[in-house]
Amino acid sequence: MSVRRLADDSVQPASFSFNAENQAWAEKTIKKFPEGRQQSAVIPLLMRAQEQDGWVTKASIEHIAAMLEMPLIRVLEVATFYTQFQLKPVGTRAHIQVCGTTPCMLRGAEELMKVCKHKINHDPLTLNAEGTLSWEEVECQGACVNAPMVMIFKDAYEDLTPERLEEIIDAFEAGKGDTIKPGPQIDRDFSAPIGGLTSLTDGNPKAEG
Ligand code: FES
């Protein structure tokens, strides 16, 4: 586990507020918890702040602590403990999270990280020159059967080759990430076997085709 600290003051914005839609969502979310337990909303609120600004700023941590009437240190503890929270700016067009756990590593994750080093920045969690892309190695994302894989925002891109990852990064860099279908990047149905079904094939047109 690496040391996780807030970003340098030089990149921290002076203030934070939720936009109108997120403020309404936050108020509704806080109300889901019983009276006196509003602090339980800290993780969803931090995640919403990250989705709004791209990363969790110091000002957003202070804002959420005030909203939930929590000591600032308690919110800081949560934000710095969970690696899902980005504590410094990530790429504005894509932050590539490369799974580096054993199944993905055995199936070529190191080659995917080489692509990220070459196309984005040698160092993880460091922006490219334009500020549009960044990458990091993460632990298992639960798609091991389709290893190797990366996460970008909330979508998984699986069964990757270095060449396919390059194409995906190029698409996001061009602002066309929505043209890439998430999931397996080969001819595989979700997590079904490559080449089609191997069991329970009687009367199954996919298996017979
Ligand atoms: S090991 Fe990569 S998704 Fe599980």
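Here is a check on your reading of the model: is M113 within 15 Å of the ligand (Cβ to nearest atom), closer than 21 Å to R48 by Cα and of a type outside the set (G, A, S)? Step through it out loud before you land on a result.
Values: within 15 Å of the ligand (Cβ to nearest atom): yes; closer than 21 Å to R48 by Cα: no; of a type outside the set (G, A, S): yes.
For M113, the condition - within 15 Å of the ligand (Cβ to nearest atom), closer than 21 Å to R48 by Cα and of a type outside the set (G, A, S) - is not met.
Is there a residue in the range 96-119 that is farther than 30 Å from P182 by Cα, out of contact with any strand residue (DSSP E or B) (no Cβ under 9 Å at 6 or more places or on another chain) and part of a helix (DSSP H, G or I)?
No: zero hits.
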- Message: Residues that are in contact (Cβ under 8 Å) with a residue 12 or more places away in the chain, among the small types (G, A, S) and closer than 17 Å to G175 by Cβ: does the range 99-113 have at least one?
- Response: no
- Task: Residue by residue through the range 131-177, note down the ones that are in contact (Cβ under 8 Å) with a residue 60 or more places away in the chain and not aliphatic (A, V, I, L, M).
- Result: F172, E173, G175, G177
- Task: Could you figure out which of (1) within 12 Å of the ligand (Cβ to nearest atom); (2) more than 21 Å from T83 (Cβ to Cβ); (3) among the polar types (S, T, N, Q) isn't true of Q141?
- Result: (2)
- Message: Can you pull out every residue in the range 15-43 that is over 19 Å from T57 (Cβ atoms), aliphatic (A, V, I, L, M) and touching a helix residue (DSSP H, G or I) at 6+ places or on another chain (Cβ under 8 Å)?
- Response: I30
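Please indicate, with yes or no, whether at least one residue in the range 66-81 is closer than 30 Å to A174 by Cα and under 19 Å from the mean Cα position of the chain (by Cα). Working first, answer last.
In the first step, residues of the range 66-81 are kept if they are closer than 30 Å to A174 by Cα; the result is none.
Taking every residue of the range 66-81 in turn, none turns out to be closer than 30 Å to A174 by Cα and under 19 Å from the mean Cα position of the chain (by Cα).
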- Query: Just wondering, is there one or more residues in the range 96-104 that are within 19 Å of P184 (Cβ to Cβ), crowded, with 20+ Cβ neighbours inside 10 Å, touching a Gly at 6+ places or on another chain (Cβ under 7 Å) and at pLDDT 95 or above?
  - Reply: no
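The values are calculated or read from the model by the stated rules, or taken from the named source; none is laboratory data. Since we're looking at a predicted model, the values are computed, not measured. Note: ideal-geometry Cβ built from the backbone for every residue, glycine included; neighbour counts use all protein chains shown.
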